[in-house]
Amino acid sequence: MFDLTGKAALVTGASGGIGGQIARALHDAGATVGLSGTRTEPLEALASELGDRVHVLPCNLSDPTAVAVLPKQAVEAMGSVDVLVNNAGITRDNIFMRMSDDEWQSVIDVNLTATFKLCRGVLRGMMKARWGRIVNISSVVGAVGNPGQGNYAAAKAGMVGMSKSLAYEVATRGITVNAVAPGFIETAMTDKLTDDQKSGILGQIPAGRMGTPEEIAAAVLYLSSPEAAYVTGTTLHVNGGMAML
Amino acid sequence: MSDVEERVKKIVVEHLSVDEEKVTENASFIDDLGADSLDTVELVMAFEEEFGIEIPDDAAETIQTFGDAVKFIKNA
């Protein structure tokens, strides 16, 4: 099950905790992986850990030119892009009344617009191949909101609507488009929380713990697999029950 | 019939699974040959590949019929 041998997967934000684990899971399933991210060092470290079938494709998703060429670079390196995982994301938190235009726009640009452009950039190859998997990493925040994250929540909810629309368009071509919406996951980002903040968060999670990057990666692997061919336009919530959607 | 017409017709027939007789000069891909909007994008992709040309999006939108496609490719 979930064999990706011979498939090529492009993962953005692979320098982060969740993205790195997604790349590992797809690679373990046999895929050739393209690791994209802004910081080259962690990408190189992950590449040497994984060994063969790995390509490092650094890209700053806030640079529109870089976003436009990334799908082409990935095809040049790997021969095709059969699986696209839009995992990269940034936060610029601020309460609504203080949020600057720039804080709003930069989050929309990287989290939503770059996702749109990368999806568009890989479609041609997937249409020809009559096979493709796009997995967009949303967030529980996109579904339930979060104070201080109006921009982030808007982008993450936008990804869901966008994924559904694209899923409609390409379903007859063997291409599925889905979202995974993580809840609170143990990463460098959540390590910074104070103990008080953590216990507050855990109180909202029926499972009583944070999730792990491996648990997100497993959801992505499923949606990327041949077995998930009949699953499209859906959002898989991986959040320990904190929002049962 | 010219070589270009033959090759375009072959692509259209194969891609849309229609009878060759239906692919006439004025046959509209969408109205007469049952294409959906995604099919028209794929046809353009197939033409680009077959003839080694680039068909920009704004030009692609003007290619509505078999005749349009042949004319565009001959002038490309």
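Read the figures in this text as sums done on the coordinates, not as results from a lab. All figures in this text were calculated on a predicted structure; none of them were measured in a lab. When we count neighbours, we look across all protein chains shown, and the Cβ atoms used for this are built from the backbone with ideal geometry, even at glycine.
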*Would you list which lysines come within 27 Å of residue B:9, measuring only between C-alpha atoms, while excluding same-chain residues fewer than 8 positions from it?*
A:128, B:22, B:71, B:74
*Fewest to most neighbouring Cβ within 10 Å: what's the order for A:214, A:41?*
A:41, A:214
*Return the whole-Å distance between the Cα centroid of segment B:35-76 and the Cα centroid of segment A:173-208.*
46 Å
*Which of A:136, A:146, A:111 moves most in a GNM of chain A, Cα contacts under 10 Å?*
A:146
*If you plug each phi of segment B:44-60 into the Karplus form 6.51 cos²θ - 1.76 cosθ + 1.60 with θ = phi - 60°, what whole-Hz ³J(HN,Hα) values come out, in order, with x for Gly and Pro?*
4, 4, 5, 4, 4, 5, 4, 9, x, 10, 10, 10, x, 4, 5, 6, 4
*Please identify every one of the chymotrypsin sites (Phe, Trp or Tyr not before Pro) in segment A:162-245 that sits in a loop by DSSP and has no more than 13 other beta carbons within 10 Å of its own beta carbon.*
A:230
_Once each part is reduced to its C-alpha centroid, what is the distance from segment A:40-101 to segment A:111-134 in angstrom?_
14 Å
*Kindly state, to the nearest 0.05, the FRET efficiency for residue A:164 paired with residue A:90, given R0 = 25 Å and r defined as their beta-carbon distance.*
0.60
*Pairwise FRET efficiency - residue A:40 versus residue A:130, Cβ, R0 = 45 Å, nearest 0.05*: 0.85
_Neighbouring partner chain Cβ atoms per residue of B:38-46, average, 10 Å criterion_ = 2
_Taking θ = phi - 60°, what integer Hz values does the Karplus form 6.51 cos²θ - 1.76 cosθ + 1.60 yield along segment A:53-59, in sequence order, with x for Gly and Pro?_
6, 9, 10, 9, 10, x, 7
*Would you please give the residues with an amide H less than 5 Å from that of residue A:181, counting only those at least 5 places away or on a separate chain, with H modeled from the backbone geometry?*
A:138, A:236, A:237, A:238
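Work out the mean other chain Cβ neighbour count within 10 Å for the residues of A:123-134 and drop it here as an integer.
Per residue, the number of nearby Cβ atoms from other chains is 1 on average.
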*Quick one: in segment A:131-245, what % of C-alpha pairs are over 17 Å apart?*
57 percent
*Using bins 5 angstrom wide from zero, how does P(r) for segment B:2-75 break down, in % of all Cα pairs?*
3, 17, 35, 29, 14, 2
*Given labels modelled 7 Å from the Cα in the Cβ direction, how far is it in nm from residue A:100 to residue B:58?*
3.6 nm
*Relative to the longest principal axis of the C-alpha atoms of chain A, give the angle of the C-alpha long axis of helix A:213-224, reported between 0 and 90° and rounded to the nearest 10°.*
40 degrees
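With only alpha-carbon pairs counted, each pair once and no self-pairs, how large is the Kirkwood hydrodynamic radius of the protein assembly as shown in angstroms?
21.2 Å
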